[in-house]
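What follows is a short report on a single structure.
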Amino acid sequence: RCSVSTGPCFWGYRFWTHSQASPHRWMRQALPTAAAVADLFPPPPDLASKAHVTSQDEYERMYRQSIEDPDAFWGDQASSYHWETPWSTPIVDYNFDVRKGPVQITWFPGARTNLCYNAVDRHVLAGDGDKVAFLWEGNDPGVSSAMTYRQVQEQVCRLANWMKSVGVGKGDDVTIYMPMTPELPIAMLACARIGAVHSVVFAGFSAASLSSRMLDSSAKLVVTSSGVRRGPKVLNLKQIVDEAIALCAAKGHDVGTVLVEDHQTALNRSDVPFTPSRDVWWHDALAPQPAECPVLWLDSEEPSFKLYTSGSTGTPKAVQHSIGGYMVGSGATFKYVFDYRPGDVYWCTADCGWITGHSYVTYGPMFNGATQVLFEGVPTYPDAGRMWEIVDKYNVSLFYTAPTAIRALMAKGDEQVKKYSRQSLRLLGTVGEPINPEAWRWYHEVIGDSRCPIVDTYWQTETGAHVLAPLPGATALKPGSATFPFFGVQPVVLDDNGNELEGPATGVLAMKAPWPSIMRTVSGNQQRFEETYFSLFKGYYFSGDGCRRDEDGYMWITGRVDDVINNSGHRIGTAEVESALITHPAVAEAAVVPVPHDIKGQGIYAFVTLMQEHAYPPEEALKKELIATVRSTIGPIATPDNIHWAPGLPKTRSGKIMRRILRKIASLEESQLGDVSTLADPSVVETLLSTRGV
Ligand code: ATP
Ligand code: MG
């Protein structure tokens with residue numbers, strides 16, 4: 001076991017050392033050469049002058065302290081929060097090396113705190129109770145409401161009291177299956193208040209997917225809603241919960257209680273199946289409960305929640321997070337990466353069913369006392385201008401979404417965007433997948449009127465918070481790069497044998513030491529935790545993602561390691577080929593996968609979705625044009641061997657392309673599609689199977 005040490009550990013860190021003489025040389029090199037000028041976007045001066053971190057030098061200084069002296073750096077960050085019992089030093093203790101014993105991570109040893117207290121009570125006690133926490137916008141325009149921090153506190157307390165009254169307490173598992181209404185973060189916070197462990201499942205997963213998660217986490221209580229409206233569709237959530245409970249019962253697990261929020265704008269009570277001996281209406285349950293509920297102080301390392309990964313690479317993993325480290329990590333990244341200031345109106349479009357909705361809806365923003373928009377609907381309902389209408393309605397200043405949404409809106413044209421002012425926006429963010437430079441530029445020029453920096457945040461369910469991301473007042477941006485590590489994060493690029501590569505290099509992304517919000521284990525399965533993240537490259541946390549570090553030290557995610565194509569010995573990132581394809585004006589989206597190839601080892605197979613005005617299949621000439629585009633952008637080594645026209649791509653419910661399914665389709669292995677339960681629209685697979693070779 002070792003603690004993060006100072007001095008040598010940092011200077012031995014190869015990221016900095018392609019010139020041993022000057023560890024800062026990569027920063028200096030960030031000054032562009034003439035040819036690269038067009039690709040570098042320096043921080044807007046007025047934003048930079050007021051930012052939390054105002055220059056690359058300041059970032060560098062803070063970063064260095066975060067690695068060399070974590071006690072001082074993280075102690076200072078943590079002092080913004082209430083700790084009932086302080087931590088002892090060293091502030092971090094860990095083992096990443098399976099050869100030395102079990103992998104373990106401890107931050108803020110001995111400290112006790114509470115996530116709910118820090119997200120809610122602290123602000124009310126400081127006199128900010130009347131500040132708006134949630135600006136809720138329903139699926140249908142015109143349906144909206146607002147809720148202050150004090151009102152959130154009252155609801156959380158009533159719910160926490162009710163949960164205790166039905167026997168839910170510290171360490172008990174609670175499954176939450178709800179739409180994006182204020183009751184969803186409220187339910188999460190109520191669990192946090194009393195030490196119950198929430199597991200939020202995206203309200204849209206099938207009964208089978210829900211039940212497997214409920215079984216895996218032995219849920220005692222399910223909190224749900226009568227229904228949800230998403231675009232023109234209404235989903236009867238309670239009916240899905242009932243089916244899931246029946247599936248659990250068939251496997252011998254009894255879910256004792258179901259709390260049902262009565263979401264009347266979606267469904268009437270009478271449309272919802274209800275079992276009085278087991279089910280309780282939210283409003284009936286909360287009304288008689290006291291509006292105050294004492295906070296349970298918990299050890300920093302006790303579990304806060306578990307969350308299943310999106311399942312794009314296999315069976316979802318139940319990622320378990322901590323309390324103290326998670327709080328400080330999600331809170332600090334929110335503050336610095338979005339450069340949050342009081343007065344901002346923040347909107348993250350992610351659902352709380354994903355980690356983004358945990359760290360950057362329920363927790364990070366609320367730890368900072370932010371006012372945020374919660375949106376129940378979808379970006380294209382009633383039309384593709386909805387997002388910008390909401391931005392204008394609430395004067396949103398910080399906007400955070402996913403590349404898939406950006407590409408979908410880009411395909412609908414600029415007109416729906418230009419109808420709205422968007423003058424309130426000062427920063428844009430993206431997460432979830434590599435963003436291709438084409439979409440980045442559209443986001444920057446059309447949505448942000450070339451005024452707003454874009455923070456491309458690379459992170460994972462497992463990392464709990466951003467690990468690679470620019471700081472908007474400090475970092476010059478390159479479209480498509482998540483730039484540099486956040487404080488405390490020590491990324492390395494490894495070759496296939498686990499050697500750390502220096503300078504500009506392509507390989508796999510790993511981390512050599514823990515940052516506060518890293519996951520603590522796979523819930524109930526330490527073995528899977530160690531096998532998945534710590535076995536392939538001993539002594540490192542392995543991200544599963546491929547990565548390139550350029551000559552200026554910028555980090556570029558090249559896609560999942562499984563998707564890096566070995567084409568006649570050249571390593572080609574699928575993300576790079578996709579980016580090249582998407583520069584063609586006819587292409588809306590592209591997904592590239594490897595296929596076995598007799599001569600080259602692996603061939604390049606591209607699925608291509610066209611802009612909405614094109615019919616399928618298009619003229620043969622388009623194929624030639626796309627191939628020419630890739631050859632001229634990357635080079636002949638990246639020439640696609642196949643182009644498959646795809647009116648739709650298989651995506652997870654969080655909007656990520658499931659490349660593992662595309663790999664099977666491309667390789668004629670459709671009998672081995674694997675777990676497709678997390679697909680948003682399974683019919684897409686049928687269409688692709690039937691159009692192979694067309
Ligand atoms: P599973 O682990 O079950 O396959 P998943 O990896 O899709 O699911 P998440 O934790 O939600 O589940 O996603 C994290 C992954 O998303 C990262 O490992 C990376 O591949 C991708 N990703 C997230 N943000 C970015 C980004 N800004 N740039 C590039 N890739 C990103
Ligand atoms: Mg993953």
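The values are calculated or read from the model by the stated rules, or taken from the named source; none is laboratory data. The model shown is predicted, which means the values in this text are computed figures rather than measured ones. Here the Cβ is made from the backbone with ideal geometry for all residues, glycine too, and neighbour counts use every protein chain on show. The accessibility values were calculated without ligands, DNA or RNA, using every heavy atom of the protein model including side chains. Shrake-Rupley method; radii C 1.70, N 1.55, O 1.52, S 1.80 Å.
Worth a mention:
- Figure legend. Inter-residue proximity from segment 543-570: first residues assigned to a helix (DSSP H, G or I), second residues within 16 Å of ligand 2 (Cβ to nearest atom), beta-carbon distance below 6 Å, spacing 6+ or different chains. Indicated pairs: Val561/Val508; Val561/Gly544; Val561/Gly546; Asp563/Thr574; Asp563/Arg659.
- Restricting segment 310-343 to residues that are of a type in the set (D, E, K, R) and open to solvent by 10 Å² or more (accessible area, probe 1.4 Å), the residue that is nearest to ligand 2 (Cβ to nearest atom) is Lys317.
- Filtered by the rule that a residue be away from ligand 2 (no atom under 16 Å from the Cβ), crowded, with 22+ Cβ neighbours inside 10 Å and either under 23 Å from Phe305 (Cα atoms) or more than 18 Å from the chain's Cα centre (by Cα) (or both), segment 451-474 gives Cys452, Pro453, Pro472, Gly473, Ala474.
- Residue count for segment 391-408 under the criterion of being open to solvent by less than 10 Å² (accessible area, probe 1.4 Å), touching a Gly at 6+ places or on another chain (Cβ under 9 Å) and either at pLDDT below 95 or assigned to a helix (DSSP H, G or I) (or both): the result is 1.
- Selection from segment 72-87 of residues that are without any contact (Cβ under 8 Å) to a residue 24 or more places away in the chain and open to solvent by less than 60 Å² (accessible area, probe 1.4 Å): Ala72, Gly75
- Long-range neighbours under 9 Å by Cβ, at least six apart or interchain, first residue under 22 Å from Cys352 (Cβ atoms) within segment 281-309, second aromatic (Phe, Trp, Tyr) and surrounded by fewer than 20 Cβ atoms within 10 Å (Cβ to Cβ): Trp281/Phe274
- Filtered residue count, segment 409-434, keeping only those that are among the small types (Gly, Ala, Ser) and either within 16 Å of ligand 2 (Cβ to nearest atom) or outside any loop (DSSP other than H, G, I, E, B) (or both): 3
- Residues in segment 537-548 that are within 14 Å of ligand 2 (Cβ to nearest atom) and touching a Phe, Trp or Tyr at 6+ places or on another chain (Cβ under 6 Å): Tyr541, Phe542.
- Any hit, segment 174-187, residues being in contact with a His (Cβ under 7 Å, 6 or more places away or on another chain), hydroxyl-bearing (Ser, Thr, Tyr), assigned to a loop (DSSP other than H, G, I, E, B) and under 24 Å from Asp284 (Cα atoms): yes
- Lone qualifier among Gly503, Gly448 - being buried (at least 18 other Cβ atoms within 10 Å of the Cβ) and away from ligand 2 (no atom under 16 Å from the Cβ): Gly448
- Residues that are open to solvent by less than 20 Å² (accessible area, probe 1.4 Å) and assigned to a loop (DSSP other than H, G, I, E, B) were ranked within segment 297-309; the one that is modelled with the lowest pLDDT is Thr309.
- For segment 211-232, the count of residues that are in a helix (DSSP H, G or I), of a type in the set (Ser, Thr, Tyr) and more than 18 Å from Glu261 (Cβ to Cβ) is nonzero.
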